[in-house]
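Peer 1: Sharing a structure below in structure tokens format, with a few things to ask.
The values are calculated or read from the model by the stated rules, or taken from the named source; none is laboratory data. If you're wondering where the values come from, they're calculated on a predicted model, not measured in any experiment. All Cβ positions, even for glycine, are placed from backbone atoms using ideal geometry, and neighbour counts span all protein chains on display.
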Number of protein chains: 2
Amino acid sequence: MSVTVALDANGADLGPAEVAAGAVIAAELGVKVRIFGPADQIGDLPDGIEIVDAPVSIAKDPDPARAARSTPEASIVQAARAVAEGQADALVSAGATGATLAAGLFEIKRARGIYRPALATPVPIPGSPVTLLDVGANVEVRSEHLVQFAFMGAALATTVLGQQLPRVALLSNGSEASRGTTVVVDAGEQLAAGSHSSFEFVGNIEGNDLAADVADVIVTDGFTGNIALKVMEGISQAVVGGVRDAATSSARAKLGGALLRPALRGFRDEIDPEGPGGAYMLGLRQLAVVSHGRFTRYGFSQAILLAARAVNGDLVGRTEAMLEAGGALRRAGGAEADSPSGGVASFSPDDS
Amino acid sequence: MSVTVALDANGADLGPAEVAAGAVIAAELGVKVRIFGPADQIGDLPDGIEIVDAPVSIAKDPDPARAARSTPEASIVQAARAVAEGQADALVSAGATGATLAAGLFEIKRARGIYRPALATPVPIPGSPVTLLDVGANVEVRSEHLVQFAFMGAALATTVLGQQLPRVALLSNGSEASRGTTVVVDAGEQLAAGSHSSFEFVGNIEGNDLAADVADVIVTDGFTGNIALKVMEGISQAVVGGVRDAATSSARAKLGGALLRPALRGFRDEIDPEGPGGAYMLGLRQLAVVSHGRFTRYGFSQAILLAARAVNGDLVGRTEAMLEAGGALRRAGGAEADSPSGGVASFSPDDS
């Protein structure tokens, strides 16, 4: 099936032309792309890519929920609307997380039976990619939200990362089932008692297990997940930076660094944050992917290609089927107090 | 002033003799040590070190609170009692966090005006050591607990790490004051409004700021702090391991690694987890320090020396004075529902 992706080209540090260059790579591999962005900054594009001139950006707006509502001409809102109206199959945004979540919630809307959309990030761990969710959409959660996140993350791991029967864990401050906040312990009991043939629940894991290949999907609330993800980024950079500094501190060390560099290349590729294309917004009626604003064309092309793979694998349908089979769909007419905008007010407005 | 430290020698991976070897190093530098552990595994000791034969260990007990209560002869309970009775000025434990917190709470007891003891870890960040608390004593907290942790951490940074006017931050999922859980946002408002001449409140920081030298003390709840600390450990190890693997992958890379090694030594020393000696249990009537069970004699000696420095700097008295000056002491007779044992039930039983 030929997939069409609606792409918001605003919000990237390197500008809309770099985002469009990513679209060109993806189009060469068979994905149709409809770009929403400033046409005068993008220029001519090959077949398979269409441009809708949408110069207005709300990527840096401090109140993305309000901006998405009051700016129908914004590129991210137009792109989301194109997905909602069936002109595209998935949404890819080049930067602002908050604006993408707001536009996604208002235009694409929550999927049936979902309490709260969640943001999932495939973490580039060497040798063992891990999907972490929620990384910032829901700062405060209830246990049934965490249970749904387990199914949503497992569906992503199966569909996009090709992991059969992914191992799903809860992130906690101890590996025993009794450890964690009340919400985490409750979610663990529900997941341990539930029947889910589509993933294996492996219980609680601790922070140092993130890189220990003990789980494929790690479930947490958006406060903890956001902090865990950013600690990971900060510490990786600090350690890599420390090694780099050492490798320029003397003539001898410089020579050592030069000799070591080719061997480090494979390792560096494995932990390249652009590889997974960005974060996946799960729980909407169609998939949205938010790239990091710092990405180059490679990262944007990965986002488009992985979104297309999710569409071809019917991520949304598979998620619903898994939730239904596991008895974890939100009950229709239940006393759910959430507004339709879910956790958008507490959402990270911009990670670019 | 000559300080005496009560040292529990049980719980270390390398055994009680390694812990005692750490005590010998500290004794040579002028600290008196009273060791509680199996005398037959320790042997002769020089002047300034006394041994109390206490072979019973509860370091690995799955229910440390119950074990501390029901095992008065356990080495950690005897060591804590020696501190409570004035025979020693501070408690140092070679391993089990849960048992140390339990014994500390039952024997040494909470300091006046403290809601909850907290566990603080000086994180070995290159160039900019950072104190993170709570890292596991209190899984669920109220905003007034976080406010007290700010004062407790600032007192530690001033007394033990020699940081004048430390910058204190709240760990959150965004740097704006509006970002975070309700508890974090409330604590931020109280800290921003309060007058505290002993530290500078710099607001919210994100996970990637941990290594960015923007704060000296980072305050969070014990669930998030435990996860952040362990993510840091796991990712550092994974990155260092990845570099090491690359440096043995070919003859050329091996040569590069060998040339680079001397330059990396300084960096490795800076991120050595044994440097800070372990975690500091703050909020008791005397200080307790919990080393990591994996430590060598160097780490145990650091724990003893830093505990002595805290005693000489009157950490406990200074904490109380700072809380009092900032109006953050727990009100006597207030409606505090906590049991005297604080968060011990939710405490990480063993990090060794």
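Peer 1: For the range A:156-171, name all the residues that are part of a helix (DSSP H, G or I) and more than 18 Å from residue A:225 (Cβ to Cβ). Working first, answer last.
Peer 2: Initially, the range A:156-171 is screened for residues part of a helix (DSSP H, G or I), giving A:156-159.
The answer is A:158, A:159.
Peer 1: Of all residues in the range B:157-172, how many are surrounded by 17 or more Cβ atoms within 10 Å (Cβ to Cβ) and at pLDDT below 95? Break it down into steps so the answer makes sense when it comes.
Peer 2: Within the range B:157-172, the subset surrounded by 17 or more Cβ atoms within 10 Å (Cβ to Cβ) is B:157-161, B:163, B:166-172.
Subsequent filtering for residues that are at pLDDT below 95 retains B:157-161, B:163.
Adding up the residues that qualify gives 6.
A quick yes/no check of all residues on (1) of a type outside the set (Val, Ile, Thr); (2) within 18 Å of residue A:163 (Cα to Cα); (3) at pLDDT 90 or above; (4) not in a loop (DSSP other than H, G, I, E, B):
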position: A:269; (1), (2), (3), (4): yes, no, no, yes
position: A:275; (1), (2), (3), (4): yes, yes, no, no
position: A:295; (1), (2), (3), (4): yes, no, yes, no
position: A:307; (1), (2), (3), (4): yes, yes, yes, yes
position: A:310; (1), (2), (3), (4): yes, yes, yes, yes
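Peer 1: If I go through the range B:120-136 residue by residue, how many of them are in contact with a strand residue (DSSP E or B) (Cβ under 6 Å, 6 or more places away or on another chain), within 10 Å of chain A (Cβ to nearest Cβ) and small (Gly, Ala, Ser)?
Peer 2: Matching residues across the range B:120-136 total 1.
Peer 1: Within the group B:156, B:171, which residue is at the interface with another protein chain (Cβ under 9 Å from one of its Cβ atoms) and among the aliphatic types (A, V, I, L, M)? Break it down into steps so the answer makes sense when it comes.
Peer 2: Numbers: B:156 fails: at the interface with another protein chain (Cβ under 9 Å from one of its Cβ atoms).
On inspection, the qualifying residue turns out to be B:171.
Yes/no matrix, rows are residues, columns are (1) assigned to a loop (DSSP other than H, G, I, E, B); (2) among the basic types (Lys, Arg); (3) touching a helix residue (DSSP H, G or I) at 6+ places or on another chain (Cβ under 7 Å):
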site	(1), (2), (3)
A:27	no, no, no
A:30	yes, no, no
A:35	no, no, yes
A:51	no, no, yes
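Peer 1: Considering every residue within the range B:279-290, establish whether at least one is touching a residue at least 24 places away in the same chain (Cβ under 8 Å), of a type in the set (Ser, Thr, Tyr) and away from chain A (no Cβ under 11 Å).
Peer 2: Pass one, the range B:279-290, residues touching a residue at least 24 places away in the same chain (Cβ under 8 Å): B:279-290.
Okay, now just the ones that are also of a type in the set (Ser, Thr, Tyr), so B:280.
Filter again for away from chain A (no Cβ under 11 Å), leaving B:280.
Yes: one or more hits.
Peer 1: While we're here: Considering only the range A:32-55, state which residues are of a type outside the set (Lys, Arg), out of contact with any Lys or Arg (no Cβ under 9 Å at 6 or more places or on another chain) and under 19 Å from residue A:85 (Cβ atoms). Let's see the steps before the verdict.
Peer 2: Residues of the range A:32-55 that are of a type outside the set (Lys, Arg), as a first pass: A:33, A:35-55.
Filter again for out of contact with any Lys or Arg (no Cβ under 9 Å at 6 or more places or on another chain), leaving A:33, A:35-47, A:53-55.
Scanning the range A:32-55 gives A:33, A:35, A:36, A:37, A:53, A:54.
Peer 1: Among residues belonging to the range B:280-298 that are of a type in the set (Gly, Ala, Ser) and crowded, with 24+ Cβ neighbours inside 10 Å, point out the one that is farthest from the chain's Cα centre (by Cα).
Peer 2: Our first condition is that a residue be of a type in the set (Gly, Ala, Ser); within the range B:280-298, this holds for B:283, B:288, B:291, B:293.
Okay, now just the ones that are also crowded, with 24+ Cβ neighbours inside 10 Å, so B:283, B:288, B:291.
Numbers: B:283: 12, B:288: 8, B:291: 8 Å.
Checking each candidate, the answer is B:283.
Peer 1: Is it fair to say residue A:234 is among the small types (Gly, Ala, Ser), over 20 Å from the mean Cα position of the chain (by Cα) and assigned to a helix (DSSP H, G or I)?
Peer 2: Details: among the small types (Gly, Ala, Ser): yes; over 20 Å from the mean Cα position of the chain (by Cα): no; assigned to a helix (DSSP H, G or I): yes.
For residue A:234, the condition - among the small types (Gly, Ala, Ser), over 20 Å from the mean Cα position of the chain (by Cα) and assigned to a helix (DSSP H, G or I) - is not met.
Peer 1: Here's a follow-up. Quick one: which of B:178, B:195 is more than 14 Å from every other protein chain (Cβ to nearest Cβ) and either part of a helix (DSSP H, G or I) or surrounded by fewer than 18 Cβ atoms within 10 Å (Cβ to Cβ) (or both)? Talk me through it step by step, then tell me what you get.
Peer 2: On the way: B:178 fails: more than 14 Å from every other protein chain (Cβ to nearest Cβ).
Sole residue among the options that is more than 14 Å from every other protein chain (Cβ to nearest Cβ) and either part of a helix (DSSP H, G or I) or surrounded by fewer than 18 Cβ atoms within 10 Å (Cβ to Cβ) (or both): B:195.
Peer 1: Hey, another quick one. Give the residue, chosen from A:94, A:99, A:82, that is more than 20 Å from residue A:301 (Cα to Cα) and either among the charged types (D, E, K, R) or under 21 Å from the mean Cα position of the chain (by Cα) (or both). Walk me through it before giving the result.
Peer 2: On the way: A:94 fails: more than 20 Å from residue A:301 (Cα to Cα); A:82 fails: more than 20 Å from residue A:301 (Cα to Cα).
One residue alone meets the criteria, A:99.
Peer 1: What number of residues in the range A:125-184 are over 30 Å from residue A:99 (Cα atoms) and touching a residue at least 60 places away in the same chain (Cβ under 8 Å)?
Peer 2: 3
Peer 1: Here is a further query. Any idea which of (1) within 12 Å of chain B (Cβ to nearest Cβ); (2) under 13 Å from residue A:225 (Cβ atoms); (3) crowded, with 17+ Cβ neighbours inside 10 Å; (4) not aromatic (Phe, Trp, Tyr) is the one residue A:140 doesn't satisfy?
Peer 2: The single condition residue A:140 does not satisfy is (3).
Peer 1: May I ask you to verify whether residue A:205 is facing another protein chain (nearest Cβ under 10 Å), without any contact (Cβ under 8 Å) to a residue 60 or more places away in the chain and buried (at least 18 other Cβ atoms within 10 Å of the Cβ)?
Peer 2: Values: facing another protein chain (nearest Cβ under 10 Å): yes; without any contact (Cβ under 8 Å) to a residue 60 or more places away in the chain: yes; buried (at least 18 other Cβ atoms within 10 Å of the Cβ): yes.
Criteria met by residue A:205.
Peer 1: Hey, can you tell me all the residues within the range A:255-267 that are surrounded by fewer than 20 Cβ atoms within 10 Å (Cβ to Cβ) and either aliphatic (A, V, I, L, M) or more than 9 Å from chain B (Cβ to nearest Cβ) (or both)?
Peer 2: If the condition is that a residue be surrounded by fewer than 20 Cβ atoms within 10 Å (Cβ to Cβ) and either aliphatic (A, V, I, L, M) or more than 9 Å from chain B (Cβ to nearest Cβ) (or both), then A:255, A:258 are the ones that fit.
Yes or no, residue by residue, for (1) more than 16 Å from the chain's Cα centre (by Cα); (2) within 23 Å of residue A:138 (Cα to Cα); (3) acidic (Asp, Glu); (4) in a helix (DSSP H, G or I):
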site	(1), (2), (3), (4)
A:150	no, yes, no, yes
A:154	no, yes, no, yes
A:173	yes, yes, no, no
A:183	yes, yes, no, yes
A:189	yes, yes, yes, yes
A:213	yes, no, yes, no
A:218	no, yes, no, no
A:228	no, yes, no, yes
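Peer 1: Answer yes if at least one residue in the range B:227-247 is at pLDDT 95 or above and within 7 Å of chain A (Cβ to nearest Cβ), and no otherwise. Outline the logic, then answer.
Peer 2: The first filter runs over the range B:227-247 and keeps only residues at pLDDT 95 or above, leaving B:227-228.
Narrowing further to those that are within 7 Å of chain A (Cβ to nearest Cβ): B:227-228.
Yes: the range B:227-247 contains one or more residues that are at pLDDT 95 or above and within 7 Å of chain A (Cβ to nearest Cβ).
Peer 1: On the given criteria, is residue A:190 touching a residue at least 12 places away in the same chain (Cβ under 8 Å), within 30 Å of residue B:246 (Cβ to Cβ), more than 14 Å from chain B (Cβ to nearest Cβ) and polar (S, T, N, Q)? Quick ask: steps written out before the conclusion?
Peer 2: Values: touching a residue at least 12 places away in the same chain (Cβ under 8 Å): yes; within 30 Å of residue B:246 (Cβ to Cβ): no; more than 14 Å from chain B (Cβ to nearest Cβ): yes; polar (S, T, N, Q): yes.
Here the answer is no, as residue A:190 does not meet what is asked.
Peer 1: Next question, about the same structure. Being touching a residue at least 24 places away in the same chain (Cβ under 8 Å) and surrounded by fewer than 24 Cβ atoms within 10 Å (Cβ to Cβ) is the filter here; which residues of the range A:82-104 pass it? It would help to see each step written out before you state the result.
Peer 2: Pass one, the range A:82-104, residues touching a residue at least 24 places away in the same chain (Cβ under 8 Å): A:82-84, A:87-104.
Once the filter is applied, which keeps residues that are touching a residue at least 24 places away in the same chain (Cβ under 8 Å) and surrounded by fewer than 24 Cβ atoms within 10 Å (Cβ to Cβ), the range A:82-104 yields A:82, A:84, A:87, A:89.
Peer 1: Within the range A:58-74, identify whether any single residue is crowded, with 22+ Cβ neighbours inside 10 Å, touching a strand residue (DSSP E or B) at 6+ places or on another chain (Cβ under 9 Å), hydrophobic (A, V, I, L, M, F, W, C) and part of a loop (DSSP other than H, G, I, E, B), and answer yes or no.
Peer 2: Yes, the range A:58-74 contains at least one residue that is crowded, with 22+ Cβ neighbours inside 10 Å, touching a strand residue (DSSP E or B) at 6+ places or on another chain (Cβ under 9 Å), hydrophobic (A, V, I, L, M, F, W, C) and part of a loop (DSSP other than H, G, I, E, B).
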